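Worksheet: the structure to be examined is printed underneath.
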Amino acid sequence: MTDSVPTLSADLTSALTATTPGSRASGSTGPSAARTDGPARVVVDLDLPGVTISRHLYGHFAEHLGRCIYEGFYVGEDSEIPNTRGIRDDVVAALRALQIPNLRWPGGCFADDYHWKDGIGPREQRPQMVNSHWGDIVEDNSFGTHEFMDLVELLGTEAYVNGNVGSGTVREMSEWIEYLTRADDSPMASLRRENGRDEPWKVPYFGIGNEAWGCGGNMRAEDYAALARQYSTYVRDHAGNEVTRIAAGASDHDYAWTEALMRAATNLEKREGKAGPYQAISMHYYTMSGPWQDKGSATEFTEEEWYRTLSRAAHAEELVARHATVMDHYDPHKKVGLVFDEWGTWWNVEPGTNPGFLYQQNTVRDALVASIHFDGFHRHADRLIMANIAQTVNVLQAMILTDPETGALVLTPTYHVFAMNAGHQDARALAAHVLLPEEVAEVDGRALPMLSASASTTGKTALISLSNLDHAEERTLVLDLRGRSVTGHTATVLTGASSAAHNTPEQPEAVAPVALEAVREHERGLEITLPPHSFATVELQLGSDAARASTELRQTM
Ligand code: AHR
């Protein structure tokens, strides 16, 4: 994949051998479940809140790829589809309901081909370019910086702008952040005003290229690390806008790439002061049931492919844990954040669609891939500061699909997982220990427990996420709730008639959340029956001992 650094340094190699997903040694719980002779149990200590789960773990990604930006978000002002300055109103409303915390743009691979000055000024005068990665089509640049920042404001979200290292200059990147964020009459701030925007925007996240080991320039790790230092230096903080610069990180298990970037980062030894010149490193990993050449169908899969997919989704946690171990070695004070800014399923495109557009359906299986990722993210929220599913509309594991003929909008099963899990955003993580009799599938030499879980608390409430990974069997479990009294609960479940069930314009609610009725009081807490292939959330109201708990919360902050 890369010829970056042939091997990882020896001390890290042994550290990684010891880092099993969620090993207690690395200070986190993991997807592995302990064995029990009794009924399945999920034990949650409600009075022991851990780190804050950043809302940015629920981030999004929109690339100039297929029908994501054009048709998905942007239909133009003359469209019959109701829009605000060309941006679809229904898409904005659906994403506002999810409280999406950030949006990454313009790529992806596209970012390292993109020259931002081509996308400003009067639309009819903007030059065209070739989108060589995605369909080799002509891009007219009608959606550019102002349109993206307008979208960010309509969504009430935060901007993650990804700059161009592969084919762009340092000056170009430096001028972009000046254009976006500078308040005075500097050359770029004045140019922005000429183009109709007086006030600077806020841009809290800026990507220093993308996949530099591949589409972003085919670089070696050390060569890219030097460029990341250089380019990051010129992404300046203007007018009180504080940027987190995100160096383009590894694919999958390329820990040597992460190590090279950590070696090149500075100011990591002491607790005080920001890391420099970049403050975060990204990683990418996609879930598929087959090999890269034949990733599998989104909607037609066997039971074996079901389990292989979920096992590969669970593997994401192992990757996060191991990249975090490499980072811990150089950065004990966790000044550099890990940003998982491309994750999700990648299937063969839907038959009859453009292979370069990456349009795929989204089933109950995709929903569980998402819920499994989130369980792992919650457990590693001490290092993981952001994650972005790929991609928001009409591309890969989307929240929203739109019909090319009619424009009709469909919310996917994955959308509903984001909605049901929204309460975890900025809540404090709670350990959720899974105890199972022996319900573990063996896939590719890895054990896959049939239940995945995670939990968090706001102090007054707790949210528990539960995924029954069993393809065919329902699962009854005891929610063993300790440390706080529980005064009320509501439970919601997401499933479909089959594991391949999905939503279409004709059947938009084939997979939609409904109240989970099978919840009974139990001496240890609650007894719950989950349908086969389902995701559920249980929201708990916590009792009057909340005062004590919130004091504890303050003390541990
Ligand atoms: O998300 C699709 C593509 O996957 C992105 O453009 C690239 O970064 C990755 O390879």
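The values are calculated or read from the model by the stated rules, or taken from the named source; none is laboratory data. Quick caveat: nothing in here was measured; it's all calculated off a predicted structure. Cβ: placed from backbone, ideal geometry, glycine included. Neighbour counts: every protein chain shown. Note: areas computed on protein heavy atoms with side chains; ligands, DNA, RNA excluded. Shrake-Rupley method; radii C 1.70, N 1.55, O 1.52, S 1.80 Å.
The mean sequence distance of close C-alpha pairs (under 8 Å, at least 6 residues apart), as a share of the length of the chain, puts its relative contact order at 20 percent. Separation of the range 159-228 from the range 73-94 is 27 Å, based on Cα centroids.
For the range 111-122, backbone phi angles converted through the Karplus equation (6.51, -1.76, 1.60; θ = phi - 60°) give residue-by-residue couplings of 4, 7, 10, 8, 10, 4, 5, 6, x, 10, x, x Hz, Gly and Pro being listed as x.
For the range 465-525, GluC sites (Glu not before Pro) meeting the loop criterion (DSSP other than H, G, I, E, B) and having at most 14 other Cβ atoms within 10 Å: 473, 474, 506, 509, 517, 523. For the chain, DSSP calls about 60 percent of its internal beta bridges antiparallel. The Cys residues in the chain with no partner Cys Cβ within less than 4.7 Å of their Cβ are 68. Farthest towards the positive end of the charge dipole of the chain, among the residues 135, 455, 441, is the Cα of 455, using unit charges on the Cβ of Lys, Arg, Asp and Glu.
Tell me the carbon and sulfur percent of the accessible area for the chain, rounded to whole percent, probe radius 1.4 Å. Carbon with sulfur: 50 percent of the solvent-accessible area. Taking a Cβ cut-off of under 10 Å around residue 133, the surrounding Lys, Arg, Asp and Glu residues balance to a net charge of -4, with basic ones at +1 and acidic ones at -1. Evaluated on the chain, the Kirkwood hydrodynamic radius is 24.0 Å, with distances taken between all distinct Cα atoms. Across 55, 126, the residue with the most accessible area heads the list, and the full order at a 1.4 Å probe is 55, 126. Each Lys and Arg adds +1 at its Cβ and each Asp and Glu adds -1 at its Cβ; summed about the Cα centre, the chain shows a dipole of about 1820 debye. Estimated from helical segments only, the mean residue ellipticity of the chain at 222 nm is -7500 deg cm²/dmol, where each DSSP H run of four or more residues counts as -39500 (n - 2.57). Using only side-chain charges placed at the Cβ, +1 for Lys and Arg and -1 for Asp and Glu, the dipole size of the range 346-434 relative to its Cα centre rounds to 340 debye. How far is helix 170-181 tilted, in degrees, relative to the longest principal axis of the Cα atoms in the chain, given as a value from 0 to 90 rounded to the nearest 10? Roughly 70 degrees, rounded to the nearest 10. Protection proxy ranking for 140-146, 291-297, using the average of other Cβ atoms within 10 Å per residue and placing the highest first: 140-146, 291-297. Taken one residue at a time, the phi angles of the range 473-484 give Karplus couplings (6.51, -1.76, 1.60, θ = phi - 60°) of 9, 6, 9, 9, 9, 9, 8, 8, 9, 10, x, 9 Hz. Gly and Pro are set to x.
Most tightly packed first, judged by the mean number of other beta-carbon atoms within 10 Å of their residues, the peptides 157-163, 463-469 read 463-469, 157-163. Net charge dipole, the range 407-551: roughly 660 debye, given to the nearest 20, about the Cα centre with Cβ charges of +1 for Lys and Arg and -1 for Asp and Glu.
Summing Lys and Arg as +1 and Asp and Glu as -1 over all other residues whose Cβ lies under 12 Å from the Cβ of residue 76 gives a net charge of -3. Could you compute the net charge surrounding residue 466? Neighbours are other residues with a C-beta less than 11 Å from the C-beta of residue 466; K and R count +1, D and E count -1. It works out to a net charge of 0. Rolling a 1.4 Å probe over the protein chains gives residue 373 an accessible area of about 0 Å². Relative to the longest principal axis of the Cα atoms of the chain, the long axis of helix 255-264 lies at roughly 60 degrees. Placing unit charges on the Cβ atoms of the charged side chains and taking the dipole of the range 220-346 about its Cα centre, the candidate lying farthest along the positive direction among 292, 326, 346 is 326.
Rounded, prolate or oblate: which one fits the range 192-291, using the alpha carbon gyration tensor with axes a ≥ b ≥ c (rounded when a/c is under 1.5, else prolate when a/b beats b/c, else oblate)? It comes out oblate by the Cα gyration axes. For the range 382-393, the Karplus equation 6.51 cos²θ - 1.76 cosθ + 1.60, evaluated at θ = phi - 60°, returns couplings of 6, 10, 7, 9, 7, 8, 9, 6, 10, 10, 5, 10 Hz by residue, with Gly and Pro reported as x. In this simple spin-label approximation, residue 194 and residue 132 carry label points 7 Å from Cα along the Cα→Cβ vector, and these lie 3.0 nm apart. With a ≥ b ≥ c taken as the square roots of the eigenvalues of the C-alpha gyration tensor of the range 132-245, please select rounded if a/c is under 1.5 and otherwise prolate if a/b is larger than b/c or oblate if it is not? Cα axes put the range 132-245 in the oblate bin. Looking at the calculated P(r) for the range 68-146, what percent of the C-alpha pair distances fall above 15 Å? Summing the P(r) of the range 68-146 above 15 Å gives 62 percent of all pairs. Here the peptides 267-273, 83-89 are ranked by packing, the mean other Cβ count within 10 Å, and the order with the highest first is 83-89, 267-273.
Compared with the alpha-carbon gap, the fully stretched path from residue 170 to residue 461 is longer by 100.0 nm at 0.36 nm per residue. Per-residue surface analysis assigns residue 347 an accessible area of about 0 Å², computed on protein heavy atoms at 1.4 Å probe radius. Heavy-atom accessible surface of residue 137, to the nearest 10 Å², is about 60 Å², with a 1.4 Å probe and all protein chains retained. Averaged per residue, the range 117-204 has 42 square angstrom of accessible surface, using a 1.4 angstrom probe with ligands and nucleic acids left out. Among 471, 490, 518, which residue has its Cα positioned farthest towards the positive end of the charge dipole of the range 456-536, with +1 placed on the Cβ of Lys and Arg, -1 on the Cβ of Asp and Glu, and the dipole taken about the Cα centre? Of the options given, the answer is 490. Listed cross-link partners 117/335; 274/334; 335/460 are compared with a 22 Å cut-off, the Cα-Cα value being larger for 117/335; 335/460.
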